[in-house]
Amino acid sequence: MYQIGHFIDGESVNTGESSSQIYNPSIGEVAGQVLLAGEKELELALEAASKAFPAWRNTEPVKRARIMSKFKELVELHSATIIELIGKEHGKISHDAKGEIARGIENIEYACYVPELLKGEYSKNAGPSIDTWTELQPLGVVAGITPFNFPAMVPLWMYPMAIACGNTFILKPSEKNPSAALFIAQLLSEAGLPKGVLNVINGDQYAVESLLKDDRVKAVSFVGSTPIAKSIYQQANANGKRCQALGGAKNHAIVMPDADIENASNALLGAAFGSSGERCMAISVAVTVGDECAEQLVSSLLKKIPQLKVGSFEHDSNDFGPVISAAHLQKVEQLIQSAADDGASLLIDGRNTPVNGPSSGYYVGGTLIDHVSADMLSYQEEIFGPVLLVLRCQSLEQAMQVIAAHPYGNGTCIFTRDGEAARYFSDHVEVGMVGINVPLPVPVASHSFGGWKQSLFGDLNAYGPDAVRFYTRKKTITQRWPSSSLRESAQFAFPS
Ligand code: NAD
């Protein structure tokens, strides 16, 4: 049993108003305890971040970038430890945790370009002897609230760029698996980040709401489920803060009759069941076009799904591990049951799946449910488990109408050999991130990440170029240096 505290002003702080248990989902046992911040710890973090801001905003961007570069090296050097921490508290198999870290590192690398990204705009002789330039200035103290499913990567979507832009940061990771985020934040301190620039507060709703109310916090980045994202966006707006709040998803893959079905079914296996389906970009609905396509896809999946290996994070040969908690396991199982009760065909039931290793964890195996319709609860809800639904359509138009009618719009993809259909799909589908024969179209770090509709509240996406826009505000300066030849009389009209 271990205890996790906070990281404030460059120091570990091991106090809290209360605590909550951290589970090892692979064995279903309590692994540790996380201290939850009360008023005292929050005040320490807010004070530290506010105090560090004036000097940090004036630190040359190139020096900030060098710290990020060193940070990247340290994250690489300690990746085995991070993989272990993610595995223990999330259950992610090491090959998958490694990928998560790699995508996080990409965002640190992108933050190293900050001297280039912050150059702003300049116009010489915008008027007679007048020069004008636009600066990108940091906001001040920024808060980030992150979910359990990417305990290393999602925090790295946020604070490397926020900090590289000159802000100071308070991170509130998921209380379900806080260790990886805390460990990584300490590496940034080791890389030379001044005290107080990055603070990690562990906590629950109280901590989040306190950050949302405090005037010292100028902006909030949130990633998590839709009801919380929406509420955070509303509270932040009501309190005059800039906010981007990324929410949940229900991602559809259209399988066209001309697709390479074996390739599509392999892609769907990884996209639906990888990380136990606990990815906001997981494909959870296969939308087939035409009866033959549906039959071929289902028959291919029926052969492959029983071969998937489910088990503890400790065995790299497993394809995926447990879901995060007993409560979440119960929710996934209830949604599987509801699909069966609603008349869908439960072709492969992952409940009571054979587990590779100890079975006391929160396991559910790959589940395949055919003949799902849009009125079923299992279709409407984000299941966030290894469950693939098949919804049968007869045309691309009909399939796209199904997607358009769903409240979420995070990611989607199409499997086809028809360029015209793919182009029509990507042009018109009501979703923010689109794959063409790419099942998980997660943008690379030099593009931004964001869904549409109930999957994102706010105007700017996460990471990439939008992160520079989100974590800075523009100031435009117009300058003239009067001289005897330039001195003017009073002007009462705009110059023409
Ligand atoms: P969650 O919404 O339960 O929690 C996210 C964060 O919000 C945590 O830090 C949590 O402590 C905090 N929180 C929880 N309840 C709160 C409340 N009432 N008030 C204030 N803060 C609260 O989400 P989760 O279960 O940790 O993560 C899974 C969800 O995140 C899924 O819905 C998934 O789709 C979504 N997600 C979205 C993206 C994306 O980019 N769109 C990425 C990853 C995960």
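The values are calculated or read from the model by the stated rules, or taken from the named source; none is laboratory data. What you are looking at is a predicted structure, and each value in this text was computed from that prediction instead of being measured. Methodologically, a virtual Cβ is constructed for each residue, glycine included, from the backbone with ideal geometry; neighbour enumeration extends over all protein chains shown.
Anything in segment 219-237 that is within 9 Å of the ligand (Cβ to nearest atom), closer than 24 Å to L44 by Cβ and in a helix (DSSP H, G or I)? List them, or say none.
I232, Q235 - these are the residues of segment 219-237 that are within 9 Å of the ligand (Cβ to nearest atom), closer than 24 Å to L44 by Cβ and in a helix (DSSP H, G or I).
Can you name the residue in segment 43-99 that is free of Cβ contacts under 8 Å to residues at least 24 places away in the same chain and small (G, A, S) and, of all such residues, is nearest to A185 (Cα to Cα)?
Ranking the candidates gives S79 first.
Would you pick out the residues in segment 255-284 that are within 16 Å of the ligand (Cβ to nearest atom), of a type in the set (A, V, I, L, M) and not in a helix (DSSP H, G or I)?
M281, A282, I283
Just one of the numbered conditions (1) within 10 Å of the ligand (Cβ to nearest atom); (2) more than 19 Å from W56 (Cβ to Cβ) is not true of D131; which one?
(1)
Scan segment 238-248 and tell me whether some residue there is part of a strand (DSSP E or B) and away from the ligand (no atom under 11 Å from the Cβ).
yes
Keeping to segment 42-92, report how many residues are over 30 Å from D214 (Cα atoms) and not polar (S, T, N, Q).
22
Output the residue which, of all residues in segment 193-218 that are under 16 Å from A162 (Cα atoms) and more than 16 Å from the ligand (Cβ to nearest atom), is nearest to the chain's Cα centre (by Cα).
Looking at residues that are under 16 Å from A162 (Cα atoms) and more than 16 Å from the ligand (Cβ to nearest atom), I get L198.
Name the single residue, out of those in segment 356-367 being modelled with pLDDT of 95 or more and more than 19 Å from E89 (Cβ to Cβ), that is surrounded by the fewest Cβ atoms within 10 Å (Cβ to Cβ).
G365
It is to be established whether one or more residues within segment 170-186 are surrounded by 24 or more Cβ atoms within 10 Å (Cβ to Cβ), more than 9 Å from the ligand (Cβ to nearest atom) and closer than 17 Å to K241 by Cα.
Yes; the residues of segment 170-186 include at least one that is surrounded by 24 or more Cβ atoms within 10 Å (Cβ to Cβ), more than 9 Å from the ligand (Cβ to nearest atom) and closer than 17 Å to K241 by Cα.
Run V287 past the list (1) touching a residue at least 40 places away in the same chain (Cβ under 8 Å); (2) under 30 Å from L246 (Cα atoms); (3) out of contact with any His (no Cβ under 9 Å at 6 or more places or on another chain) and report the number of the one that doesn't hold.
(3)
Would you be able to say whether some residue in segment 318-326 is assigned to a helix (DSSP H, G or I), within 20 Å of P25 (Cα to Cα) and in contact with a Gly (Cβ under 9 Å, 6 or more places away or on another chain)?
Within segment 318-326, one or more residues are assigned to a helix (DSSP H, G or I), within 20 Å of P25 (Cα to Cα) and in contact with a Gly (Cβ under 9 Å, 6 or more places away or on another chain).
Here are some conditions: (1) crowded, with 24+ Cβ neighbours inside 10 Å; (2) near the ligand (Cβ under 9 Å from one of its atoms). F148 meets all but one. Which one does it not meet?
Of the numbered conditions (1) crowded, with 24+ Cβ neighbours inside 10 Å; (2) near the ligand (Cβ under 9 Å from one of its atoms), the odd one out for F148 is (1).
Limited to segment 221-278, what total is found for residues that are among the charged types (D, E, K, R) and buried (at least 21 other Cβ atoms within 10 Å of the Cβ)?
Of the residues in that region, 3 qualify.
Restricting attention to helices (runs of 4 or more DSSP H) lying wholly within segment 385-479, give those where 2 or more residues are within 16 Å of the ligand (Cβ to nearest atom).
Here the list reads 464-470.
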